[in-house]
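Inspection log for the structure reproduced underneath, given as structure tokens.
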Amino acid sequence: MKRKWWHDKVAYQIYPKSFLDTNGDGIGDLKGIISKLDYLKELGIDIIWLSPVYESPFVDQGYDISDYYKIAEQFGTMDDFDTLVAEMKKRGMHLIMDLVVNHCSDKHEWFQKALADPDGPYAGYFYFREGKDGKAPSNYRSYFGGSAWTKVPGTNKYYLHTFAKEQPDLNWENPVVRKKIYEMINWWFEKGISGFRIDAIINIKKNLDFPSFPADGDDGLVSCDKMLASAHGIGTFLEEMKHETFDKYDAFTVGEVFHLKEDELREFIGEDGHFSTKFDFSAHVLSYGEHGWYDAPALDFNRWRTALFDTQKADLTVGFEANIIENHDEPRGATHYLPAHARNEAGVKMLAATYFLLRGIPFIYQGQEIGMTNCPFELEDIDDIMTLDNYRYAVACGFPEEKAFAGCARESRDNARTPMQWSDAENAGFTTGKPWLKVNPNYPEINVARQEKEYGSVLNFYRRLLCFRKSEEYRDLLTYGTFEPMYEDQERIFAFKRTLGKQCLTVICNESPAERFLTLKEDYEEVVFVNLPQVTRIGDNLILHPYQLIVVETTKK
Ligand code: ISL
Ligand code: CA
């Protein structure tokens, strides 16, 4: 495998609105990020993924862009951005931006011009289609609820939006649109960034017949996923984009790719794939409810382990996946992936190690490194458009309000978006003003300042874990080593082996609340990494304490 500069790197996602506010307006900003670069460097971060900072009406928190060439004034100025890039360069860090080009904001100049002249050239930047029998062209439900078609005022035409109505989908079939997108991408590269995380990218290829499908809900609509699944030929767009942009800059690109067909893996993340890597969402999708978030199933250990292991096995000869525990669209991993009995410091550390010693590029989401948890919300605390939609849908389906809300709150994207907990000062040290979103009330216990001082804190564990991953001794093994599941017959044991040449590490985690006795299948050299100080070994047997993680150097028996 050709070695790439990003293979052994560790990334960190910043959700700028919630990271750190420096001017008291309750909204995080670029200056806040700049002031914490040393903190991130010390944590062991090489790459920062910045969620959107472009000008936006913030209907979907910046994922609705009204000007791709401007920084949102809430976040600062283009000078601040240039300073951020320069300060990161100084520290040997790389910045990747969020590329949101499936759709833009309805306030974008292109869409405004399209509305002003629905038969003119700008209408061709979007999907404007005639209605049928006084109704929308087809029966798609958007991801954020309701029809994916909204009427163009004063006409019989509708425009397509797979997300909110304020996020019209861009017409990738139009070569002028593609050219403008590539120009914009290259403009950002010229500013010194190293790549992109690429939003909702599977959505760019539509089935241009826009057929209706049998309804999958009481609303008579069907998820727009159904139409997207019937579209073919996305690879042509992705290859063109890569050729016109990423290839020229040796960029690192991460696709937000859901629902990949099995035979497409190599095409997407193989050596000459469309992207450097893509996120592994196999664990996340286990919680999709049949009707939305309110009937999301509880996490099942065996399904979770199998999902992650299957990805690892499929990837081995193909490429690298980006491993995440959580992101800005998901509940907090410390709550979501751990059973109630393991929601403690040892459990959080164990979870980190299960992911970060896998093969792939680790991505940490802000606050994960201190074990931030889901937040106790009331309905009026919720900001997120998707949570509110899931709640309304659940109530419309006849679920009692309280139960509907409890289900949606558990899965809410706002869990990840509460302000970063820096200290036990008011508002967790995030702002001196009124935070834009509720601060998790557990900030006096869970915060950076406190964990800096405690040797055994989650934060210090993350630092040690990243050091271990990047140590001279194990870096190559943990980057390029093969993956093999271990002890799969053992309930609630998550274990795997990484091997490179003669070197072998076996990672063993006890997810159960009880002590476990494990007879090692291999010759045991030494324990090289742990989350609990005490390791009990009797001959070839290990006694695993609840939530214990042990990494042993082993040799084949
Ligand atoms: O959030 C999801 C699952 O939890 C997805 O359905 C998500 O909406 C989808 O993956 C696309 O997400 C991305 O694009 C959206 C934006 O709201 C998300 O924040 C972003 O990550 C629209 O731009
Ligand atoms: Ca601010």
*Grab the beta carbon distance between TYR455 and THR236, set R0 = 41 Å, and tell me the FRET efficiency rounded to 0.05.*
0.15
*asked:* Need one number: nm distance between label points at ALA314 and GLU488, each 7 Å from Cα along Cα→Cβ, rounded to one decimal.
replied: 1.5 nm
*Divide, for region 1-54, the radius of gyration over alpha carbons by 2.2 N^0.38 Å, where N is the residue count.*
1.35
*Which of LYS157/LYS205; LYS17/LYS434; LYS349/LYS438 have a Cα-Cα distance over 18 Å?*
LYS157/LYS205; LYS349/LYS438
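Any chance you could count the Lys pairs in region 456-557 whose alpha carbons are under 12 Å apart, treating pairs 8 or more apart or on different chains as valid?
5
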*Convex hull over the alpha-carbon atoms of region 311-389: what's its volume per residue in Å³?*
124 Å³
*What trypsin sites (Lys or Arg not before Pro) in region 1-77 are in a loop by DSSP, with at most 15 other Cβ atoms within 10 Å of the Cβ?*
LYS2, ARG3, LYS4
_Relative contact order (percent, whole number), the chain, Cα cutoff 8 Å, 6+ residue spacing_ = 13 percent
*Want the number for ASP209 to GLU473: 0.36 nm per residue separation, take away the alpha-carbon distance, what's left?*
89.5 nm
*Would you list the P(r) distribution for region 448-514, with all Cα-Cα distances sorted into 10 Å bins from 0 and each bin expressed as a whole %?*
19, 34, 34, 13, 0
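Figure the gain on full extension for GLU522 and GLU401 (residue separation times 0.36 nm, minus the Cα-Cα span) and round it to one decimal in nm.
Extending this stretch completely gives an extra 38.2 nm.
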_Burial ordering of THR245, THR277, fewest other beta-carbon atoms within 10 Å first_ = THR245, THR277
*Hey, what did region 1-112 get for relative contact order, percent, Cα under 8 Å, at least 6 apart?*
27 percent
*For a quick protection proxy, order the peptides 498-504, 100-106, 238-244 by their average other-Cβ count within 10 Å, most packed first.*
100-106, 238-244, 498-504
*May I ask you to derive the FRET efficiency for GLU271 and LYS70 from their Cβ-Cβ distance with R0 = 41 Å, giving the value to the nearest 0.05?*
0.70
*Among ALA514, TYR480, LEU549, whose Cα lies farthest out toward the positive end of the dipole of region 419-557, if unit charges sit on the beta carbon of Lys, Arg (+1) and Asp, Glu (-1)?*
TYR480
*Estimated inter-spin distance, LYS261 and ALA340, nm [label 7 Å along Cα→Cβ]*: 4.4 nm
*Qualifying GluC sites (Glu not before Pro) in region 1-92, DSSP loop, other Cβ atoms within 10 Å at most 15*: GLU73
*Could you tally up the Lys pairs in region 218-341 with alpha carbons closer than 19 Å? Skip any pair fewer than 8 positions apart unless they're on separate chains.*
5
*Place +1 on the Cβ of every Lys and Arg and -1 on the Cβ of every Asp and Glu in the chain, take the dipole about the Cα centre, and give the residue among SER212, VAL254, CYS408 whose Cα lies farthest towards its positive end.*
VAL254
*Hand me the chymotrypsin sites (Phe, Trp or Tyr not before Pro) from region 1-94 located in a DSSP loop with no more than 16 other Cβ atoms within 10 Å, in residue order please.*
TRP5
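Between GLU445 and ASP250, what's the calculated FRET efficiency when r is the beta-carbon distance and R0 is 60 Å? Round to 0.05. Provide the component values of the computation, followed by the final result.
On the way: r = 44 Å, r/R0 = 0.73.
According to the calculation, E is roughly 0.85.
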*Once you sort the root eigenvalues of the Cα gyration tensor of region 90-150 as a ≥ b ≥ c, which label holds: rounded (a/c under 1.5), prolate (a/b larger than b/c) or oblate (the other case)?*
oblate
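Readers should treat all values here as calculations from the given coordinates under stated rules, not as data from a laboratory. What you see is a predicted model; the values in this text were computed from it and never measured. Heads up, the Cβs are rebuilt from the backbone with ideal geometry, glycines too, and the neighbour counts pull from every protein chain shown.
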